[in-house]
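Please read the structure below before turning to the comments.
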Amino acid sequence: MIKGLSNRFYLTVTLVLVLAIVGVVVLFLLRYKPPVFRQPSSTPAPAQRVEAIKKLITKTDKKEGDLTSDYKDFRVDYLISNDEYIVTIKTGPFKDFKKKAETWFLNQGFEPGDLCLLRISFVASKVVAPSLTREDILPTGCNAL
């Protein structure tokens, strides 16, 4: 009978130890949070990139007034105090020269979606564009807020 108790005792102790080990492993797994490895981004976030390009093309010691880039078919005015661009389309057809002005921004280093992050308004005289829509005033593909 002692031999039978001895086997049951060892079986019980072994079972308790196995259950304890399983419990510790389960608790560890429940609390374990794997480390997050993020690839360092070689390109900055769009808003940061846009700000960096904007600072380069609007670099000035002026605190007020405008910076103007004037071309045959359009003029780009950067209003320093308002931090916005007003693009005046001088000749028609409006949509063609709006596209040309948007290309000017892209040639500065902006990407197409970046134009929506900038404060840009496209305007024209009544002769060039008798009626401007909200879509005309905003960069192509940007929705009004």
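Going through (1) farther than 19 Å from D70 by Cβ; (2) of a type outside the set (D, E); (3) touching a Leu at 6+ places or on another chain (Cβ under 8 Å) one by one, R134 falls short only on (3). Among the residues of region 42-79, the one identified as among the basic types (K, R) and in contact with a strand residue (DSSP E or B) (Cβ under 8 Å, 6 or more places away or on another chain) is R75.
Can you find even one residue in region 53-73 that is surrounded by 11 or more Cβ atoms within 10 Å (Cβ to Cβ), at pLDDT 80 or above, in a loop (DSSP other than H, G, I, E, B) and more than 27 Å from the chain's Cα centre (by Cα)? Yes; the residues of region 53-73 include at least one that is surrounded by 11 or more Cβ atoms within 10 Å (Cβ to Cβ), at pLDDT 80 or above, in a loop (DSSP other than H, G, I, E, B) and more than 27 Å from the chain's Cα centre (by Cα). For region 91-119, which positions are surrounded by 18 or more Cβ atoms within 10 Å (Cβ to Cβ), in contact with a strand residue (DSSP E or B) (Cβ under 6 Å, 6 or more places away or on another chain) and closer than 20 Å to L79 by Cβ? Hits for region 91-119 are K98, A101. Among the conditions (1) basic (K, R); (2) modelled with pLDDT under 90; (3) exposed (fewer than 12 other Cβ atoms within 10 Å of the Cβ), the only one that K126 does not satisfy is (2). Could you please let me know if K126 is over 24 Å from G65 (Cβ atoms) and either assigned to a helix (DSSP H, G or I) or touching a helix residue (DSSP H, G or I) at 6+ places or on another chain (Cβ under 7 Å) (or both)? Judged against the criteria, K126 is not a match.
The values are calculated or read from the model by the stated rules, or taken from the named source; none is laboratory data. Since this is a predicted model, take the numbers as computed values, not measurements. Here Cβ is always computed from backbone atoms with ideal geometry, including for glycine, and neighbour counts include all displayed protein chains.
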